[in-house]
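Here the structure comes first, spelled out in structure tokens, and everything after it is commentary.
The values are calculated or read from the model by the stated rules, or taken from the named source; none is laboratory data. Bear in mind the structure is a predicted one, so any value in this text is a computation, not a measurement. In this analysis, Cβ positions are derived from the backbone assuming ideal geometry, glycine residues included, and neighbour counts consider all displayed protein chains. Just the protein is used for accessible areas: all its heavy atoms, side chains included, with ligands, DNA and RNA removed. Shrake-Rupley method; radii C 1.70, N 1.55, O 1.52, S 1.80 Å.
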Amino acid sequence: MESLEETQWDVTISGTGIAQSLLALALSRSGKRVIHVDKNPYYGGPEAALSLQEAEEWASEVNKESVQLPFEDATVFTPSPSESGTGLSSSRAYTLSLSPQLIYSRSQLLPTLVSSKVYRQLEFQAVGSWWIYKPASGKDKDLYRVPSSREDIFADDFISMKSKRTLMRFLRSLNLESPSDADSTVEDEALAKPLPEYLTSKFQVPLELYDPLLSLSLSQAPAQSTIARYAVPRIQRHLTSIGVFGPGFGSVLVKWGGGSEIAQVGCRALAVGGGVYVLNSGIETLDQDAADDSRIQLRLLSGETISTQYVVGFDWDVPSQTETSCDYEKVSRSITIVSSALDDLFPVTAEGGPVPAGAVVVFPAASLGLTDESPPVYISVHSSETAECPTGQSVLYGSVSISGQQGQTLIEHATDKLLQSSAGPDARVLWSLRYTQLGRPVGDETRPANVVSGNVIRFPAPSLDLAFDDTTIDLVKDAWTVVMGDEASPDDFMKFEDRENYDDDV
């Protein structure tokens, strides 16, 4: 068997995040000689899922480096024993995702996983309710469940009858055909307005419905900074996804670590197809091959030098010979383990529907004592059914588009309010990881593109969206097309026949 250095590689994929791992899946039956490397000792890259001990080691590594994209400023918070008791289980009882994302039923990702035959290795779980924190609602509890269907709306006892009729008119408009050419210019002008202005001017939607509709868009910007052209299609995506795979839900999580599990499935497919994996050894240097200008010489962190035709990865996985200027956005993120199952957040939302394993809780700026110019805080709540924590506990994934200590303070404030509203009096924070994540600005309507320089393909920074970004599939397909060259047929992308004995194989 040839050594790494003796092999003439067709493709080197650097990093095992979702984008790289989906490319590995796409190339798994191409016959190409593919080597897949990662500087980390684990799979998943920015989407990695870690045990408690691994998460604490990860935080130390992030803070050791002057630049450790796409994360920075990681800290671990563990309350004193007198505050939290001994509620934490063993390290391996937790599988904590660094970049949790929900997947809508109408996402391009799901048919891709089906056509590539790897969906059987994944277990999907329902995301049920969206909740808005409304401390002045006058109800028994401060959390208001956002209605997502006609039945929900008319059963709701918070929205006035007049508002219900207005809301139904808006929702019906989302299911209409595209406007005619004569109407399209007027509609484009309307959609260029901030979402609240659009809802008021076009549908007379009252103020009480702004936050619920904004929450369905998953916009991380303040309401007045969320353009209708961005938000309305996302609200439509949310509503039209409900019922696709079962009653009462429109989005799913992947059990055992979310995006990390998808990444590992893709990597496993390439390994079965003959690809070679080298963890703990990313690319140290990249130079043109002096003997063959169609090839690239790579020196790995392990010390080996290999020759390859193509290199693919993110900026932080592929060194550059020139200074690069990247416009990253920063968001504050946290992972918090709490000593409550928070069962009230996971009601069955339709007759015959599943018990959800995920819920989304939104804290509008005003509910945290901030002005309307401030962004909302999102907390994605995962139950123990996700296998991310032991029974009787939950994992809260917090996010706000304000970086640094200010953002972390807001997430902590929202977490405290959530526990006060939905958990018993003894519920406590057991452990928390707090960090800043860097990525592509959310709300940018420009379709991102890969940067291709010679035979080096650089993916744009991943989106910081709270839902899976479908442009990832397009970016992977573009990279696959370049690598496959004349062998590429768009109709063949990610479309495989079953392997024999697929239960043991992919």
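Calculated translational diffusion coefficient of the range 292-438 (4 °C, 1.567 mPa s; Stokes-Einstein with Kirkwood radius over alpha-carbon pairs) equals 70 µm²/s. Rounded to the nearest 5, the antiparallel percentage of DSSP beta bridges internal to the range 366-506 is 90%. The accessible surface of the range 234-363, taken with every protein chain in place and a 1.4 Å probe, is 46 percent carbon and sulfur.
Computed from the C-beta positions of V244 and E373 and an R0 of 30 Å, the FRET efficiency is 0.25 to the nearest 0.05. Solvent-accessible area assigned to carbon and sulfur over the range 10-169 amounts to 48 percent, based on a 1.4 Å probe. The lysines whose alpha-carbon is closer than 23 Å to the alpha-carbon of K162, local same-chain residues fewer than 8 away aside, are K134, K139, K202. Mind checking which lysines have their C-alpha under 20 Å from K141, skipping anything on the same chain fewer than 8 residues away? Those lysines meeting the cut-off are K417.
Checking every one of the GluC sites (Glu not before Pro) in the range 368-412 against DSSP loop status and a limit of 10 other Cβ atoms within 10 Å picks out E373. When all alpha carbon pairs of the range 208-341 are counted in 10 Å bins from zero, the resulting P(r) reads 8, 20, 27, 22, 17, 5, 0 %.
Computing Rg and the Kirkwood Rh from the Cα coordinates of the chain gives a ratio, Rg/Rh, of 0.98.
Here the chain carries DSSP beta bridges of which approximately 70% are antiparallel, counting only pairs with both residues inside. Simple spin-label estimate for E208 and A271 gives 5.5 nm between the two label positions (7 Å along the Cα-to-Cβ direction from each Cα). Heavy-atom accessible surface of the chain, averaged per residue, reaches 44 Å², computed with a 1.4 Å probe. Bridging of K495 to lysines at a Cα separation below 25 Å is possible for K32, K117, K255, K477, once same-chain residues fewer than 8 apart are set aside.
Between S91 and E6, the contour length at 0.36 nm per residue exceeds the alpha carbon distance by 26.5 nm.
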